[in-house]
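The block underneath contains the structure these notes are about, expressed in structure tokens.
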Amino acid sequence: MLLPILAIVTLSYSWSCAVYPYKPCRSCRGFGAFRSPLLRAIRLCRRCGGTGRTLRASRRAYNACLRARRSYRDSRDRDRRDNSR
């Protein structure tokens, strides 16, 4: 009984990360800027670069897996080309 529920939760979270890969920045709470305490000047958030969004941790892991897979595939194809000569 627990396994189907866990599968549904995992699939729904994976779908959520695919559709909504960004979350609001924790530092600026999604605004992208801060007000300076002295002169009330606006400065951009350093964490998100002023966008107000950051990548979710699971999406960052997914992107890292894609990069690793792509580099492995490219090195394998390169080796095949070199050996076929």
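VAL19 to ARG60: extension gain in nm, 0.36 nm per residue of separation minus the Cα-Cα distance? Numbers along the way, then the final one.
On the way: separation 41, 0.36 × 41 = 14.76 nm, distance 1.38 nm.
Answer, rounded to one decimal: 13.4 nm.
For the chain, the per residue solvent-accessible surface stands at 88 Å², with DNA, RNA and ligands left out and a 1.4 Å probe.
Proximity of backbone amide H atoms, modeled 1.01 Å from N, is registered between THR54 and LYS23, CYS25 at under 5 Å, excluding neighbours fewer than 5 places apart on the same chain. Any idea how far the Cα center of the stretch 50-80 sits from the one of the stretch 13-42, in Å? Each part reduced to its Cα centre gives a spacing of 23 Å. For the chain, the cysteines with no partner cysteine C-beta closer than 4.7 Å are CYS17, CYS65. Any idea what angle helix 57-83 forms with the longest principal axis of the chain, computed on alpha-carbon atoms, 0 to 90 degrees, nearest 10? Value to nearest ten degrees: 30. With the Cα gyration tensor of the stretch 46-85 giving a ≥ b ≥ c as the square roots of its eigenvalues, does the rule (a/c under 1.5 for rounded; else a/b larger than b/c for prolate; else oblate) give rounded, prolate or oblate? Verdict is prolate for the stretch 46-85. Of the residues ILE8, ALA57, ASN83, the one whose Cα sits farthest towards the positive end of the charge dipole of the chain is ALA57 (charges of +1 on Lys and Arg Cβ, -1 on Asp and Glu Cβ, taken about the Cα centre).
Using only DSSP helix segments of four residues or longer, with each worth -39500 (n - 2.57), what per-residue ellipticity at 222 nm results for the chain after dividing by its residue count and rounding to 500? The partial results should precede the final answer.
Values: 2 runs with 45 residues, N = 85.
Counting only the DSSP helices, I get -18500 deg cm²/dmol.
Identify which of the listed values of mean projected area of the Cα convex hull in nm² was calculated from the structure shown: (i) 5.6; (ii) 10.2; (iii) 6.3. Recomputing mean projected area of the Cα convex hull in nm² here picks out (ii).
The values are calculated or read from the model by the stated rules, or taken from the named source; none is laboratory data. Worth saying up front: this structure is predicted, and the values here are computed from it rather than measured. Don't worry about glycine lacking a Cβ; one is built from the backbone with ideal geometry, like all the others, and counts go over all protein chains shown. Keep in mind that these areas ignore ligands, DNA and RNA; they rest on the heavy atoms of the full protein, side chains included. Shrake-Rupley method; radii C 1.70, N 1.55, O 1.52, S 1.80 Å.
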